[in-house]
Structure formats: structure tokens, C-alpha cells
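K.L.:
The structure's right below; bear with me while I get my questions together.
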Amino acid sequence: MAIGIGVCLSMSIIAQKNQPNILFIMADDHTTQAISAYGGPLTKVFQTPNIDRIGNEGIIFENCLVTNSICTPSRATILTGQYSHHNGVYTLPDPFDRNRNNVAKMLQANGYSTAIIGKWHLKSEPSGFDHYSVLNGQGVYNNPTLKVKGVWEQEGKTFEKARGSRNKGHSTDVIGMQAINWLKARDEDEPFLLMCHFKAPHRNWVPAERFENMFDGITIPEPESLYEDHSERSQWSPHSYNTIRKDLKFLDIGIRKKNDTLQGRDRVEYAYQLYMKRYLACCAGVDENVGKILDYLDKSGLAENTIVVYTGDQGFFLGEHGWFDKRLIYEESLRMPLLIRYPNGITPGQRNKSLVSNVDFAPTFLDVAELKPSKEMDGKSFAPMFKGKTPGNWRKAFYYRYWMQLADHGVPAHYGIRTDKYKLIFFYGKGLGKAGTYDRKIDPFNRESEMITNTTPEWEFYDLSVDPNEMVNKYNDPKYQKTIAKLKKQLLKEKKKVGDTDDQYPEMKEVIDNYWN
Ligand code: CA
């Protein structure tokens, strides 16, 4: 492809070490089922042509797994290349220690211009970024307030309390536009790391006006397991707020009051159509803005030497098992989208099934920038896969842990292991004093309901090779006892390998003694 002379000159300065630019685009709660490049039933009614383009011109990872399926911990893992037990961000309320090393700091120290625009959600002031423009906490969908460096310093307040300035428009458009404006104004002599983090499509799903009616008259196809009653799953499961029929509380009060009388199947059916239309319309806005950013890269001659990464901070259930949230180790919530384009370094048209993870992002970015990961990082670079090769010693099993016992969604703390074929889950059910874990009523809608803190430990096991949708818990099936015994050993080995020992929690020893076998 012909490139203009001016671009060639500036690229030769940039690329003395051939360091590529890194454009990391992440949308909050955007899951693989809502990205057409991943296929699935929703593609009949909804497509993401621009996001798909990244994967089709590069590589699509089909098994990118999150270490802890919830916003703040995943974001901390992406920055540090560490599991929650190493970076200190276990749950939603945990602030990120800004003095800690992170991938932006390392790239910045090695000549990169660095910026983050959009959702931050780590409470402390961003560190390692030359420029930041970040939402207040979760942020709002329309006319969002974004905080930049000067604001924080001038007001002399903690970062969390600083106000920032209001921007007119839908948050997805504001964030997309600010990303392009930063690219235009950046120092062209330096390679860049730009993290563009959309707030959409996080709950409560408010699309931009132009997408509001895009699904009028359309019925969104329902997943097969939408009306699952959870009687075959662990005891906590039917009580979880993740369950779609209980979830109307998360929508605005008008919608809730009007429809709170709906019960059973009617309620689920109604909520599913309502949620999905709003969720997908938010995704449409993200896809459109991704298209604008890709167009800018093409026009400015940056496309060839820029690695474009598209992901979500975790997966999300879109009605599967009757759920509409994340947190759990089940596939829809565990799997992150990951599509990467890099014309100078990736053979296009690839699909890769290796078990990669958000813990590998930081080491991978450092690797493509020809830098070494720091010793404290738990992840490994998957850049060798860009040329179609998965290293022989790549992980065969993935360790997962969700710490936020019960809390506002009623999901018990659990850890587990996922291999190419199996999944073993241990719902150990303890808060271990972590922030944001607390007592709750078994049934939040029943005043007489019992208050609980810990939940009874339980196991689940799925054979993904015959049951990819995780419908039948085979933990007690005699046929699988040998496999399960082996997986328990493997689980302990992987847990130890990443240094998650539980040594500091004596109550975990009790749980293991009583429930491991
Ligand atoms: Ca999220």
C-alpha cells in the first residue's frame, strides 16, 4: 500500500525500534454474543460491522477469559498484568493504588505518549498517562462530566470528589470524538498508547437518540436457556439478582412500576425484549464510533503500524440461564471479546482458540513495543500467536476467582478452573473481609426472609465438550469422578502457580477441610 512521504518520514523516526502505536478500545460489559464476528443467534437482528473489521483484518480470540468477571478488578488486571490478589483490587469498591507499576507507566518511561479517555472506574487518579479525560465513577450516558489533570490539581480535592467539566452529547460520541481529537493533537514523533474506554453498553442502557427506535417492530431472538428455573444448579442461584425477573429494580422507576405486576414467564419475556433492545442500541453507538476511529487511522496513514485492540472488561449474560449480568465463571460472563488488528504484525483472517486472558494484555503490549514485562506480572505475552503460532508451553488450564461474596447481586464468592474441555467450580461462599461483601436477605423482595453472610460451599462441574452451554451439572455423576479428582489437583496447582494461597484466611482452611472432597 502506498503511503505519503510525510508519513514515511515521521514513521521512520517513530519506528527506530519499530515500536507500534497501541490503540486499546474497551466497551463496558460488551460481550461476544453481541459482536457479529463471533456469530450466534443475535447476528440475525444486529451486526457490528466496524468491530468485526478489526477481527477480520487481524485475529479473533475465541477464548479470552477474564480473571475476575467484574469491572473494576478487570480494569486493574488489564493495567497491571496481575490477578486481583496481587494488584489489591478484589472487588468493586477497592481503589487502585496509583503508585503501583502499570503498563502505561512502563510505556511512558520508554518514549510512548500515553492517554486514557472514557471510563476509568478505579477511584484513584490515573497514573502513567500524559493525558487523561475520565468519567466520574460510572459516569452518565448523556452530557457526561469528564475529569482532566488540571481539574484535580486546582480543586485540591481527592480525585474521587473532583467535579470535572460537562460535555454535551451522548457519552459514546463524546468519548469517541475526544479519542480522535487526542490522536490529531498528539506528538507525532512518539509512538502512542491510547486507551479509549466507552461507558456503553453498561446498565442502565441509554442509547443515543438516533438509535432509540432501531428495534421497533423487531423481536430479539431468545436464548434457549432464558426460562431456566435453576433447580439443577447451586442453592443460591434462583435467588440471585442476576436473574432477569428480579432485575427490573435496576431500571428506572417508571418502567419498574408499570411492569412490576408481570410475573413468571411474562415478566422474563418482557424484561428480555426491553433490556436487549436498549443494550444492543448502545452497542450500535459504540460500533459506529469504532468505525470513525478506524477511518481516522486510515486517513492519517497510522493504520499499518498501529495495533488496534477491541475488548470488553468482561463478558455478560444476555438472558442465558435467565441471567442479565456478569460475575460468574460460566462461559458468557467469563469470555471477553478480543479482536486485534495490526497490519505490520498480524497475519489477517485468523481465529485462535488458545486460553488467553486480560492478565496477558499488559505483557503483550510491552512485547509488541519490544519491552520486557515486569517480574511481578502474572500474565504472558500472546504476541507469538499473531503469526499463527501458539507457544508449546502456553497454559492448558485457566484459573478464575470472584471475591465479592453476595453483595448487591447475590452471587457467592467462587473460584474454579477452565480447560479446553472441562470446567470445575467451587462456590466457597465467604466474604473474607473484602470491601463490598455483605449480609443480605435470601429473598430481597421478602421482608421476612432470612439474613445470610456466608453461603454453604458447593461444587459444580461441566463437560464443555458435550455441554457447551453448561446446562447439566455433572459433579455427582459417577462417570466423571476420576476426571473431577484430577481437575481438583490441577485447580490447586494453577491456584498455587499464580500465588493465590489463601494462607492469610484461616476460615478458608476450614472450608477446604470440610468441603474439598
Ligand atoms: Ca464491566
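The values are calculated or read from the model by the stated rules, or taken from the named source; none is laboratory data. Remember, it's a predicted structure, so these values are computed and weren't measured experimentally. Cβ coordinates were reconstructed from backbone atoms using ideal geometry, including for glycine residues, and neighbour counts include every protein chain displayed. Protein only, heavy atoms only, side chains kept; ligands, DNA and RNA dropped before computing areas. Shrake-Rupley method; radii C 1.70, N 1.55, O 1.52, S 1.80 Å.
K.L.:
State which residue is nearest to SER74 (Cα to Cα) when the search covers only the stretch 115-147 and only residues that are without any contact (Cβ under 8 Å) to a residue 60 or more places away in the chain and of a type in the set (Lys, Arg).
P.N.:
The qualifying residue nearest to SER74 (Cα to Cα) is LYS123.
K.L.:
Continuing with the same structure: Looking at the structure I just gave you, is SER354 under 27 Å from PRO41 (Cβ atoms), surrounded by fewer than 24 Cβ atoms within 10 Å (Cβ to Cβ) and hydroxyl-bearing (Ser, Thr, Tyr)?
P.N.:
Answer is yes for this residue.
K.L.:
Please tell me if PHE324 is away from the ligand (no atom under 15 Å from the Cβ), farther than 30 Å from GLN108 by Cα, touching a Ser or Thr at 6+ places or on another chain (Cβ under 9 Å) and hydrophobic (A, V, I, L, M, F, W, C).
P.N.:
no
K.L.:
Going residue by residue through the stretch 348-369, is there one that turns out to be among the basic types (Lys, Arg), more than 16 Å from the ligand (Cβ to nearest atom) and farther than 27 Å from ASP463 by Cβ?
P.N.:
Taking every residue of the stretch 348-369 in turn, none turns out to be among the basic types (Lys, Arg), more than 16 Å from the ligand (Cβ to nearest atom) and farther than 27 Å from ASP463 by Cβ.
K.L.:
Further question on the same structure: In the stretch 64-81, which residue that is part of a helix (DSSP H, G or I) and out of contact with any helix residue (DSSP H, G or I) (no Cβ under 7 Å at 6 or more places or on another chain) is nearest to the ligand (Cβ to nearest atom)?
P.N.:
For the stretch 64-81, the residue satisfying everything is CYS71.
K.L.:
Determine whether THR455 is open to solvent by less than 50 Å² (accessible area, probe 1.4 Å) and more than 24 Å from the chain's Cα centre (by Cα).
P.N.:
Against the criterion (open to solvent by less than 50 Å² (accessible area, probe 1.4 Å) and more than 24 Å from the chain's Cα centre (by Cα)), THR455 qualifies.
K.L.:
Now for a different question. Output the number of the condition that GLY433 fails; it satisfies all remaining conditions of (1) open to solvent by 70 Å² or more (accessible area, probe 1.4 Å); (2) modelled with pLDDT of 95 or more.
P.N.:
(2)
K.L.:
While we're looking at this one, here's another question. Which numbered condition trips up TRP120, out of (1) part of a loop (DSSP other than H, G, I, E, B); (2) open to solvent by 20 Å² or more (accessible area, probe 1.4 Å); (3) within 19 Å of TYR310 (Cβ to Cβ)?
P.N.:
Of the numbered conditions (1) part of a loop (DSSP other than H, G, I, E, B); (2) open to solvent by 20 Å² or more (accessible area, probe 1.4 Å); (3) within 19 Å of TYR310 (Cβ to Cβ), the odd one out for TRP120 is (2).
K.L.:
Take the residues of the stretch 361-387 that are over 14 Å from TYR83 (Cα atoms) and of a type in the set (Asp, Glu): which is surrounded by the most Cβ atoms within 10 Å (Cβ to Cβ)?
P.N.:
Going through the qualifying residues, I end up with ASP367.
K.L.:
Just to verify a result, which residue in the stretch 488-517, among those that are of a type in the set (Val, Ile, Thr) and out of contact with any helix residue (DSSP H, G or I) (no Cβ under 9 Å at 6 or more places or on another chain), is least open to solvent (accessible area, probe 1.4 Å)?
P.N.:
In this case the residue turns out to be VAL511.
K.L.:
Note down all Cβ pairs under 6 Å where the first residue falls in the stretch 322-336 and is farther than 11 Å from TYR400 by Cβ and outside any loop (DSSP other than H, G, I, E, B), the second is away from the ligand (no atom under 13 Å from the Cβ) and open to solvent by 10 Å² or more (accessible area, probe 1.4 Å), and they're at least six residues apart or on different chains.
P.N.:
Close Cβ pairs (under 6 Å, with a partner that is away from the ligand (no atom under 13 Å from the Cβ) and open to solvent by 10 Å² or more (accessible area, probe 1.4 Å)) amount to GLY322/GLU228; GLU332/GLU320.
K.L.:
Looking at the stretch 62-100, which of the residues that are in contact (Cβ under 8 Å) with a residue 60 or more places away in the chain and under 20 Å from HIS131 (Cβ atoms) is surrounded by the fewest Cβ atoms within 10 Å (Cβ to Cβ)?
P.N.:
ARG75
For every residue, the table says whether it meets (1) at pLDDT 95 or above; (2) of a type in the set (Asp, Glu); (3) open to solvent by 60 Å² or more (accessible area, probe 1.4 Å); (4) within 16 Å of the ligand (Cβ to nearest atom).
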residue	(1), (2), (3), (4)
LYS184	yes, no, yes, no
PHE192	yes, no, no, no
LYS199	yes, no, no, yes
ARG203	no, no, no, yes
PHE211	yes, no, no, no
ASP216	yes, yes, yes, no
ILE220	yes, no, no, no
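K.L.:
Looking at (1) under 24 Å from GLY322 (Cβ atoms); (2) in a loop (DSSP other than H, G, I, E, B), which is the only condition LEU424 fails?
P.N.:
(2)
K.L.:
Now for a separate question. Output the residue which, of all residues in the stretch 29-61 that are assigned to a loop (DSSP other than H, G, I, E, B) and surrounded by fewer than 20 Cβ atoms within 10 Å (Cβ to Cβ), is farthest from the ligand (Cβ to nearest atom).
P.N.:
Per the criteria, the residue is GLU57.
K.L.:
Go through the stretch 304-321 and give me each residue that's open to solvent by less than 10 Å² (accessible area, probe 1.4 Å), part of a loop (DSSP other than H, G, I, E, B) and more than 15 Å from the ligand (Cβ to nearest atom).
P.N.:
Answer for the stretch 304-321, where residues must be open to solvent by less than 10 Å² (accessible area, probe 1.4 Å), part of a loop (DSSP other than H, G, I, E, B) and more than 15 Å from the ligand (Cβ to nearest atom): ASN305, GLY319.
K.L.:
Please identify the pairs in which a residue from the stretch 211-228 that is farther than 11 Å from MET276 by Cα has its Cβ atom under 9 Å from the Cβ atom of a residue that is open to solvent by 70 Å² or more (accessible area, probe 1.4 Å) and among the polar types (S, T, N, Q), counting only partners at least 6 apart or on another chain.
P.N.:
Within 9 Å, the pairs are PRO223/ASN469; GLU224/ASN469; SER225/ASN469.
K.L.:
Tell me yes or no: at least one residue of the stretch 401-421 is more than 21 Å from GLN82 (Cβ to Cβ), surrounded by 14 or more Cβ atoms within 10 Å (Cβ to Cβ) and without any contact (Cβ under 8 Å) to a residue 40 or more places away in the chain.
P.N.:
no
K.L.:
Would you check which residues across the stretch 368-393 are more than 22 Å from the chain's Cα centre (by Cα) and without any contact (Cβ under 8 Å) to a residue 60 or more places away in the chain and list them?
P.N.:
LYS372, LYS375, PRO384, LYS387, GLY388, LYS389, THR390, PRO391, GLY392, ASN393
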